Amino acid sequence: MKLFVTGGAGFIGSNFVHYVFARRPDWAVVNFDKLTYAGNLANLTALASHPRHRFVRSDICDGAAVLAAMRGCDAVVHFAAESHVDRSIYEPAPVVRTNVIGTFTLLEMARELAVPRFLHVSTDEVYGDLPPGEAADEDYPLRPSSPYSASKASADLLVLSYVRTYGFPAVLTRSSNNYGPYQFPEKFLPLMITNAMIGKPLPLYGDGGQQRNWLHVADNCRGILAALERGRTGAVYNIGGLDVEANLDMARRVLRLLGRSESLLSHVADRPGHDRRYALNSSRIAADTGWRPKVALEEGIRQTIEWYAEHSEWLAAVRDGEYMSYYEKFYENRNASLQAIAGTRKD
Ligand code: NAD
Ligand code: DAU
């Protein structure tokens, strides 16, 4: 099996590539990634001289580059995306370009080459806010709230249209919030961990009562491989974690596990359009492949804290100029940045 993996230098993609080589040692991977701020070759150091891992630095919107690198592959696993909701609110253009046009380009090239399997990685955010007590199954209405989630829903609809119109051999996964090793610290959990480690405030948007369904990245990788190998063509599979928890409680867990004071909790201005609650029903993937989440939140967070503590060099390199200017704009000058957006809103 030769996989064409997009976004394999990012958080979930790099975890997936490591996971595949550990579980399917005779497989080969073409790892196609543009190396945006979120892509990091240091996530792949252990594979630098692996004989069946080939890294190609390029853009999924570049059809000719995709076609050349995809030729001869047996399956596509498509992770590449602009993945951060906050950045999509401030600057939607690269998000729509990569997530929609990039996915369309991959579909066209895979169709031209008649690649036998295409796994599209999507998100529970396409379902939008869920009322208390409800969990979205795969037939739940799509009501995305942010430019990011709307771009992912658009890509999902394109993939599904190819299934219906061209008999395209795609499978889709929609997972909940991932956490674990190699996650860029713009995302909630690594931001809370890495700030708490150095005694910096933990910024909670609004009241911190928003709930997410937390999924360890190893559970997601296992689910994606199960869907790739055993999922029904044309099917969408939700992949949700064991625990739904509010951001405030997550931040408190981090502080407790690190022995830090709750005085570090800091409520800051809310994210515009912020979804209050996500929850997934993942019974379809369980029925079709036997997959179930395994990692409980307390243990998963403990391991993740250990990973960041043991990878101080990785973290120092990631916290470079781009991250610091991002941090300044989104946190230190948060009110001014949000006011600039509010000026364009018609409430
Ligand atoms: P990430 O931001 O860590 O990594 C994205 C990767 O894609 C990076 O390596 C980046 O360089 C690459 N990339 C971006 N634009 C590209 C382009 N135009 N061409 C080629 N490569 C490009 O993202 P992640 O958190 O690992 O998410 C991976 C996928 O999983 C995304 O599709 C995301 O929507 C989805 N997802 C993520 C989560 C989560 O909690 N992180 C949950 C559900 C779904
Ligand atoms: O649900 C799946 C999605 O999860 C993925 O599709 C996205 O790619 C991924 O980024 C993630 O989106 P979220 O918006 O849920 O994740 P984020 O880590 O940005 O935020 C998680 C929650 O924490 C959310 O309610 C916003 C809040 N938050 C986030 C940050 C960065 C804070 O309170 N403070 C923060 O500093």
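Below is a table of values for the structure above.
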item: Kirkwood Rh (inverse of mean 1/r, distinct Cα pairs), region 147-229, angstrom; result: 15.6 Å
item: Peptides 157-165, 213-221 ordered by average Cβ neighbours within 10 Å, highest first; result: 213-221, 157-165
item: Distant alpha-carbon pairs in the chain (separation over 34 angstrom), percent; result: 21 percent
item: By average C-beta atoms within 10 angstrom, highest first, the peptides 223-234, 330-341, 299-310, 2-13; result: 2-13, 223-234, 299-310, 330-341
item: Total formal charge among the other residues, if their Cβ is under 11 angstrom from that of residue 23, Lys/Arg +1 and Asp/Glu -1; result: 0
item: Angstrom value of the Kirkwood radius, inverse mean 1/r, which spans all Cα pairs in region 196-244; result: 13.8 Å
item: Per-selection Rg to Rh, region 68-222 - Cα, Kirkwood hydrodynamic radius; result: 1.00
item: Among the listed pairs 34/152; 2/34; 200/329; 34/294; 152/294; 2/152, those beyond 24 Å (Cα-Cα); result: 34/294; 152/294; 2/152
item: Whole-percent pair-distance distribution, where bins are 10 Å wide, for the alpha carbons of region 73-130; result: 21, 45, 26, 8
item: Within the chain, helix-based [θ] at 222 nm, where runs of 4 or more DSSP H residues each add -39,500 (n - 2.57), nearest 500; result: -12000 deg cm²/dmol
item: Charge sum, other residues only, whose C-beta stays under 12 Å from residue 248's C-beta, Lys/Arg counted +1 and Asp/Glu -1; result: -1
item: Coordinate range along principal axes, alpha carbons of region 241-331, Å, largest first; result: 46, 35, 29
item: Hydrodynamic radius by Kirkwood, which averages 1/r over all alpha carbon pairs of region 1-128, in angstrom; result: 14.8 Å
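A short reminder: the numbers here are calculations on the coordinates, not readings from a lab. Here the structure is a predicted model, which means the values were calculated and not measured. Counting neighbours? That spans all protein chains shown, and the Cβs are built from the backbone with ideal geometry, glycine included.
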